[in-house]
1. Please determine, by comparing only the residues of region 43-73 that are modelled with pLDDT under 95 and assigned to a loop (DSSP other than H, G, I, E, B), which one is surrounded by the most Cβ atoms within 10 Å (Cβ to Cβ).
2. Would you point out which residue out of ILE119, ILE106, ILE99, ILE91 is of a type in the set (A, V, I, L, M), part of a strand (DSSP E or B) and out of contact with any Cys (no Cβ under 9 Å at 6 or more places or on another chain)?
3. Quick one: which residue in GLY66, GLY42, GLY58 is on the phi > 0 side of the Ramachandran plot and either free of Cβ contacts under 8 Å to residues at least 60 places away in the same chain or of a type in the set (Lys, Arg) (or both)?
4. Just to be sure I understand, how many residues within region 122-150 are in contact with a Leu (Cβ under 8 Å, 6 or more places away or on another chain), part of a helix (DSSP H, G or I) and not aliphatic (A, V, I, L, M)?
5. Given the condition on the phi > 0 side of the Ramachandran plot and surrounded by fewer than 13 Cβ atoms within 10 Å (Cβ to Cβ), answer yes or no: does some residue in region 163-171 qualify?
6. If you go through region 130-137 one residue at a time, do you hit one that is in contact with a strand residue (DSSP E or B) (Cβ under 6 Å, 6 or more places away or on another chain), at pLDDT below 95 and under 25 Å from ASN74 (Cα atoms)?
Amino acid sequence: MIMNKKNNIIAGNHIFLSRAQKEALLGQRALAVWLTGLPASGKTSIAVALEKKLYKNGFITKIFDGDLIRTDINKDLGFTTSDRQKNIERIALLNRHFIRCGIIVINSFVSPTKDIRKIAKTIIGKKDFIEIFIDCPVEVCESRDNKGLYVKARQGELLGFTGVDSPYEAPENPHLKIDTSAFSIDDAVSIIYNYIIERIKK
């Protein structure tokens, strides 16, 4: 499989429609918005609210959420370093396919290390990857955790939990950094929307 100068995918004698053609049909430009942060920092809530705002403004989107992905596509993976990497590699590849279809992809993944996020950016492509650090003190995340995962982790019932016995490496130069202990979900969505709108408008 190769791509020609017009970015058409060519496989054998078949020329597939290009990303540009699909973006023109949808009236938008594709992009991967990557929300990273500690568990219970607000990533999923922001992703869902952002999708609704984009939908109301005429944009076609797709959300990939860490918890949901691990119930189907990546249910065979655990939380070892190797499995975490495979999890992100698969999601990044899915992002790439959706972007080629002109879709705006919103990702909500802890993606705890710089190397893992670098893998995602490399697979998706630097120009299509917007890294957003959903920053929040661990004690605030813990107070919001209605699943009780932090409690289980501190009691030794849940091993390798990011923020307790597994480290989180904060992005050094994210496109955006939003402290959800200081900003509401609506505020966070407005900040992200205003940042990406010129990138996704056709």
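1. Selected residue: ARG70.
2. Working: ILE119 fails: part of a strand (DSSP E or B); ILE99 fails: part of a strand (DSSP E or B); ILE91 fails: part of a strand (DSSP E or B).
None of the others qualify; the one that does is ILE106.
3. Working: GLY66 fails: on the phi > 0 side of the Ramachandran plot; GLY42 fails: either free of Cβ contacts under 8 Å to residues at least 60 places away in the same chain or of a type in the set (Lys, Arg) (or both).
Only one candidate qualifies: GLY58.
4. Result for region 122-150: 2.
5. To start, the set of residues in region 163-171 that are on the phi > 0 side of the Ramachandran plot comprises 163.
With the extra rule that they be surrounded by fewer than 13 Cβ atoms within 10 Å (Cβ to Cβ), the set shrinks to none.
The answer is no; no qualifying residue exists.
6. Filtering region 130-137 down to residues in contact with a strand residue (DSSP E or B) (Cβ under 6 Å, 6 or more places away or on another chain) leaves 130-135.
Those left that are additionally at pLDDT below 95: none.
The answer is no, given that none of the residues of region 130-137 is in contact with a strand residue (DSSP E or B) (Cβ under 6 Å, 6 or more places away or on another chain), at pLDDT below 95 and under 25 Å from ASN74 (Cα atoms).
The values are calculated or read from the model by the stated rules, or taken from the named source; none is laboratory data. Being a predicted model, the structure only gives us computed values, none of them experimental. Glycine gets a Cβ as well: all are built from the backbone with ideal geometry, and neighbour counts include every protein chain shown.
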